[in-house]
Amino acid sequence: MFKVLFFDSGVGGLSVYCDVMAECSEIEPCFLFDNAFFPYGDKPSEFIRDRVTSLICRMTELYHFDMTVVACNTASTIALDALRSKISIPVVGVVPAIKPAARLTKKKIIGLLATPGTVARSYTHDLIRDFALGTQVLSIGTTELVRIAEDKLAGLAVSLDEIAEVLAPWTELPERQMPDVIVLGCTHFPHLKNEIHEVMPEAMLIDSGRAIGRRVKSLLSAMPQHEIANSEAAAAIAEGSSGKAFAGGMAFCTDMSILSERNKLVFNRFGFAECRELCMQ
Ligand code: DGL
């Protein structure tokens, strides 16, 4: 079994986690979410980069992992290079599916639905420049949908009116100017796929989850003998040393005092037995 750390600001990354697990069952997952600084979408880039790097570095100091998946577009579009320079395990990021969207659009108009941070990043602008040449990209940056997705997973009612309000810049356009492909460029948004589809039934909705699943599978299957973490753990046991602790099947938050019971239940429902707080000292 491979030990994989999934990371997001909140419950959004569970959409990626499900896509990865569907592709690759040989994973003992652990999920870290930064509820202390949720949401990420409206925070400064440098802050997100430093925060994500220090949290994931800390997790890898405390626990063994074979790989980490940064299941957050807002974090991936700013923190991947910094993170890769600090840890030795493979880091898989999630970025908006601009490239497949540009291939799929018939109207040559795509919609990018993401957080304000992701929409503003130069990483995103570079993706558009490199892969969507000749295609018009209409962006909506929203933290509102992130909150609605969190509420939905926590069992609260979703208001279609609120979603329609967020999507109004597109739905109010004349039909021929509306995007026919919408990129769900935030891992929270696949949780709202049905509701977004109700508001814009003509548009095709795409996200990066399944592609990430395939990427993780191919990287893991190329790892020699289930790689470093397992062999280190085996060595630690053989030596009688406790080694690093085991975190498989657990979820970690960054502030237990503000973690709601509903949120804990969400993680239980997705198969994480327990929620703990990541100890930063
Ligand atoms: N789920 C995240 C993303 O993919 C971030 C949501 C947020 O915290 O704003 O961008």
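The values are calculated or read from the model by the stated rules, or taken from the named source; none is laboratory data. In this text the structure is predicted, and so the values were computed from the model without any measurement. Glycine gets a Cβ as well: all are built from the backbone with ideal geometry, and neighbour counts include every protein chain shown. Only protein heavy atoms, including side chains, enter the accessible area calculation; ligands, DNA and RNA are left aside. Shrake-Rupley method; radii C 1.70, N 1.55, O 1.52, S 1.80 Å.
Within the range 39-58, which residues are away from the ligand (no atom under 13 Å from the Cβ) and of a type in the set (Val, Ile, Thr)?
Scanning the range 39-58 gives 53, 56.
Across the range 175-202, what is the total count of residues that are open to solvent by 70 Å² or more (accessible area, probe 1.4 Å) and under 21 Å from residue 72 (Cα atoms)?
2
How many residues are in contact with a Phe, Trp or Tyr (Cβ under 9 Å, 6 or more places away or on another chain) and either small (Gly, Ala, Ser) or in contact (Cβ under 8 Å) with a residue 24 or more places away in the chain (or both) when one looks only at the range 41-68?
Counting residues in the range 41-68 that are in contact with a Phe, Trp or Tyr (Cβ under 9 Å, 6 or more places away or on another chain) and either small (Gly, Ala, Ser) or in contact (Cβ under 8 Å) with a residue 24 or more places away in the chain (or both) gives 12.
Look through the range 134-153, keep the residues that are in a strand (DSSP E or B) and within 16 Å of the ligand (Cβ to nearest atom), and return whichever of them is surrounded by the fewest Cβ atoms within 10 Å (Cβ to Cβ).
Checked the range 134-153; the qualifying residue surrounded by the fewest Cβ atoms within 10 Å (Cβ to Cβ) is 141.
Being away from the ligand (no atom under 16 Å from the Cβ), among the aliphatic types (A, V, I, L, M) and open to solvent by 20 Å² or more (accessible area, probe 1.4 Å) narrows it down to one of 156, 167, 127, so name that one.
Only one candidate passes the filter, namely 156.
Please go through the range 107-126 and give me each residue that is over 21 Å from the mean Cα position of the chain (by Cα), assigned to a loop (DSSP other than H, G, I, E, B) and closer than 20 Å to residue 199 by Cβ, ordered by number.
Listed by number, the list holds a single entry, 107.
Being in contact (Cβ under 8 Å) with a residue 12 or more places away in the chain and in a loop (DSSP other than H, G, I, E, B) is the requirement here; does residue 29 meet it?
no
Which one of 86, 99 is open to solvent by 20 Å² or more (accessible area, probe 1.4 Å), in contact with a Leu (Cβ under 8 Å, 6 or more places away or on another chain), away from the ligand (no atom under 11 Å from the Cβ) and of a type in the set (D, E, K, R)?
99
Out of all the residues in the range 108-123, is one or more over 15 Å from residue 182 (Cβ atoms), touching an Asp or Glu at 6+ places or on another chain (Cβ under 6 Å) and surrounded by 21 or more Cβ atoms within 10 Å (Cβ to Cβ)?
Taking every residue of the range 108-123 in turn, none turns out to be over 15 Å from residue 182 (Cβ atoms), touching an Asp or Glu at 6+ places or on another chain (Cβ under 6 Å) and surrounded by 21 or more Cβ atoms within 10 Å (Cβ to Cβ).
Among the numbered criteria (1) away from the ligand (no atom under 16 Å from the Cβ); (2) open to solvent by 20 Å² or more (accessible area, probe 1.4 Å), which one does residue 36 miss?
Result: residue 36 fails condition (1) only.
If you go through the range 60-81, how many residues are away from the ligand (no atom under 16 Å from the Cβ), within 17 Å of the chain's Cα centre (by Cα) and assigned to a helix (DSSP H, G or I)?
1
Let me confirm something: among 247, 273, which residue is open to solvent by less than 20 Å² (accessible area, probe 1.4 Å), modelled with pLDDT of 55 or more and small (Gly, Ala, Ser)?
Result of the check over 247, 273: 247.
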